[in-house]
1. So if each residue of separation counts as 0.36 nm, and I subtract the Cα-Cα distance between A242 and R19, what length gain in nm does that give?
2. How big is the shadow of the Cα convex hull of region 147-236, averaged over all directions, in nm²?
3. So, how do all the Cα-to-Cα distances of the chain break down into 10 Å bins, in percent, from 0 on up?
4. From the P(r) of region 1-132, could you give the percentage of C-alpha pairs in the tail past 26 Å?
5. Could you give each residue of region 194-210 its phi-based ³J(HN,Hα) in whole Hz, using Karplus coefficients 6.51, -1.76, 1.60 with θ = phi - 60°, and x for Gly or Pro?
6. Can you put E196, E239 in order, fewest other beta carbons within 10 Å first?
7. Across the Cα atoms of region 130-192, what radius of gyration and what greatest pairwise Cα-Cα distance (Dmax) are found, in Å?
8. Kindly identify region 41-199 as rounded, prolate or oblate by the Cα gyration tensor criterion: order the square roots of the eigenvalues as a ≥ b ≥ c, call it rounded if a/c is under 1.5, otherwise compare a/b with b/c, prolate if a/b is larger, else oblate.
Amino acid sequence: MADLYQVENLRLSFPDLTRKPLLGAAPRTEILKDLSFTIPRGEILGIVGGSGSGKSTLGRVLVRLLEPSAGTVHFDGRDITHLAEAELRPLRRRFQMIFQDPMSSLNPRHRIGRLIAAPLRLHGADDPEKGALEALDQVGLPRSFASRYPHELSGGQRQRVGIARAIALRPDFILADEIVSGLDVSSQAQVLALLERLVAELGLTLAFISHDLSVIRRLCTRILVLHRGEIVENAVTAELYANPRAAYTRELLDVIPLPDPDQPWI
C-alpha cells in the first residue's frame, strides 16, 4: 500500500519568550524532536500521548497549520514542508481537520447547512447546499438539521456536524484531534463507529489524536506513542497492547480502566 504521508527527521521549535534576554533572540524550546514515520493510504493511525507530548502540534504540522523548523513532510509524494499559502490552498481540500470542541469551530450565528456548505463554496463546488445535505446523510443526521443552529444540537450531534464539514470536500486525509474527549461513553462509541464506517466507505486515511489508549484501541490499525516530543513507540495496535516496548507506553496502558461489557467499543 502506497504511503500518503512520509515524514522524515521532523523538528519544530518555538521561541521561549519567558526567557528572552535583554539583547538578542529568545532561546528556542523544541516541541517535536526528529520524528520519522509514514502513513499508508487507508490507514487509521492513532497518535497518543499525555499533555505536552506534542501530539496536537504534530497533527497541525501534518495539515500544515504549522510549518516545521526542520525535516520534511511529503503528502502524496509532494513536499509540503515549506509551501507558501498560495501553493497550499489547492491542496487544503485534500486534508481536513476535525477539532476537539465543535462549538469553538462552528459559528453560533450560522445555520448548520451554511456551516457545512462554507468550505464547499470556498473551493468552488458546483452546488454547495446539495453537498451539505449529502454530508448530513453520510453522518446520520436528518436533513432538517440544516436549518438549525449549533446550540440546538447535542455535543455528539455537533461533533457529527464537524465530521460532515470535513468529509463534504471528499478529502484524502482527515485529522481528528481529541474529538471524543468531551463526550459521554455512548456518544464516544457512536462517533468512533461512524469514523470507522466513513474510512471504509470513502477510502479515507485518518489520524486520530487522543490521550486515551482505551478510546483508540478498536478504531486504529497502528499507534504512534509520543512522549516529550519524541516517538517512543510505533507499532500495529494488537502488537502494542500485547507487547509494549517503551516504559511510557506501559504507563499509559496501566491507567486504562477496565472495559464495560455493555460498551463493546471502549
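1. Roughly 75.9 nm would be gained on extension.
2. The number I arrive at for region 147-236 is 6.9 nm².
3. With 10 Å bins starting at 0, P(r) equals 7, 28, 34, 23, 8, 1, 0.
4. Summing the P(r) of region 1-132 above 26 Å gives 39 percent of all pairs.
5. 4, 4, 4, 5, 5, 4, 5, 6, 9, x, 7, 10, 10, 10, 10, 8, 7
6. E239, E196
7. 11.6, 32
8. Oblate shape, in that a/c is at least 1.5 and b/c is the bigger or equal ratio.
Values quoted throughout were computed directly from the atomic coordinates according to the rules given, and no laboratory measurement underlies them. Since we're looking at a predicted model, the values are computed, not measured. Heads up, the Cβs are rebuilt from the backbone with ideal geometry, glycines too, and the neighbour counts pull from every protein chain shown.
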